[in-house]
Amino acid sequence: MTPYAWALLGLVLGAGLGALVVWLVVRRAAHKVRGQIVNRHHLGEILAPLRAAVVVVSEADFVLAASDFARTVGMARGSSLFPAEVGNLLTDARREQRILECDLRLAGPAGEPVQLAVRAVPLSNGAAVVIGEDRSEDLRFSETRRDFVANISHELKTPIGAIGLLAEAADSAAEDPAAVHRFLGKLTKETRRLNELVSQIIALSRLQAADPMLAAHEVHLAQVLEAAVARCTEIAEAGGISISVQAQPGLQVVGDAEELETAVTNLVQNAVAYSEPGARVAVTSSIADDQMIEIRVSDNGIGISADDQLRIFERFFRVDAGRSRASGGTGLGLSIVKHVAVAHGGEVVVWSRVGHGSTFTLRLPRSREGISE
Ligand code: ADP
């Protein structure tokens, strides 16, 4: 063979070998990719941590893999798909060759209702995926909002109805100045109540809409306490109740001064409203530990039973609705306090004994600025 022929043979052999190597690499890669897609074990590993209920089924609706959540809510049991609605939805989706959806209510691990938005997705190879997105939180939110609106409507109706009746009564008693004076006094009281209720509703919805920490700044607690107590002094004096303030100097938190003042005012107002004449209310602020400061509002008033303590932070909950209304209460004060506490990264807790009094403690993260220990 001539050198030229040798060179040509070498080139052909080299190219052939190269092509073989490329083919082997591609085949191996393709195998790997195919293996990753079809391997049930790997699929199970991928699906397991998903927050949604995801189930992959074969052509014969045999469960190939499922997320842990799908198994927790019982959408996949062993190798079967549950409940029947999901199976029917999948059958329809396959027949129509398109994604179909339905809402489904299942039970969580503790029997709590789990609301799922389910989609059945047929795949080209005959298999299918069922995806159930957890909508329980949305459902709870809309239920809470519905209850809230129903409560607000009810609460507004009472003073508005009373104002209408009192106006009519004053009008028909025009000949009797003493009666007119009496009716107008009550009218003023109901108007104030309506005003307070509307202000509290606006305060609560503002709190829910905006994060106070977005425009947070250093707040001097001593000033907050002084301002809150100043707002309650008149009503306390009228009820023969004394208020003392003891603020540890230099304490600051990061937050919204106005909201913090509203929260402390609500606590002091309650301490005054739910105490008898001659009672004492003490308002203090101090360092709780390395992380937190505490604002305490204590009274030796009527106290709250253990059962009621579990509910007093709910919107519109009152132990004694008559007493609350008589003192201008709206049933929203403590839920506002709780919102403010949580929005500032803190909490509010209560200690109370019926007939002995109550202490509400607002715990807030402390700011290092201006602290002199
Ligand atoms: P309200 O406007 O009725 O005071 P809140 O949300 O502030 O509404 O309080 C809810 C209920 O908790 C009150 O109606 C009252 O029954 C009870 N409560 C709150 N603070 C005190 C307190 N310091 N002492 C006794 N009961 C209290």
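Listing for the model above:
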| quantity | calculated |
| --- | --- |
| Debye-sum result for the chain in log10 I(q)/I(0), which assumes one identical scatterer on each alpha carbon, at q = 0.07, 0.13, 0.14 Å⁻¹ | -0.57, -1.04, -1.11 |
| Surface accessible to a 1.4 Å probe, per residue, for the residues of region 113-198, Å² | 63 |
| Angle in degrees between helix 84-96 and the longest Cα principal axis of the chain, rounded to the nearest 10 | 50 |
| Rounded to 10°, Cα long-axis angle of helix 257-273 versus longest principal axis of the chain | 50 |
| Size of electric dipole in the chain: Cβ of Lys, Arg +1 and of Asp, Glu -1, about Cα centre, debye, nearest 20 | 1520 |
| Debye intensity ratio I(q)/I(0), log10, region 231-340, q values 0.12 Å⁻¹ (C-alpha model) | -0.44 |
| Unit charges at the beta carbon, dipole of the chain: most positive-side option, PHE313, LEU194, VAL272 | PHE313 |
| Phi to ³J(HN,Hα) by Karplus 6.51 cos²θ - 1.76 cosθ + 1.60 over region 173-189, Hz, x for Gly, Pro | 9, 3, 7, 10, x, 5, 5, 4, 4, 5, 5, 5, x, 5, 4, 4, 5 |
| Computed over region 63-210, Kirkwood Rh from alpha-carbon pairs, angstrom | 20.3 |
| Full-extension gain in nm, ALA326 to ASN88, via 0.36 nm per residue minus C-alpha separation | 79.8 nm |
| Debye intensity ratio in log₁₀ form over the Cα atoms of region 128-198, taken at each q of 0.11 Å⁻¹ | -0.47 |
| Most to least packed among 48-57, 336-345, 308-317 [average Cβ atoms within 10 Å] | 336-345, 48-57, 308-317 |
| Per residue convex hull volume, Cα atoms of region 225-282, in Å³ | 67 |
| Relative contact order computed over the chain (Cα-Cα under 8 Å; 6+ residues apart), in percent | 10 |
| Accessible carbon and sulfur surface of the chain relative to its total accessible area, %, 1.4 Å | 57 |
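The values are calculated or read from the model by the stated rules, or taken from the named source; none is laboratory data. From a predicted model like this one, the values you see are computed outputs, not experimental measurements. FYI the Cβ positions are ideal-geometry reconstructions off the backbone, even for glycines, and counts take in every protein chain you see. Keep in mind that these areas ignore ligands, DNA and RNA; they rest on the heavy atoms of the full protein, side chains included. Shrake-Rupley method; radii C 1.70, N 1.55, O 1.52, S 1.80 Å.
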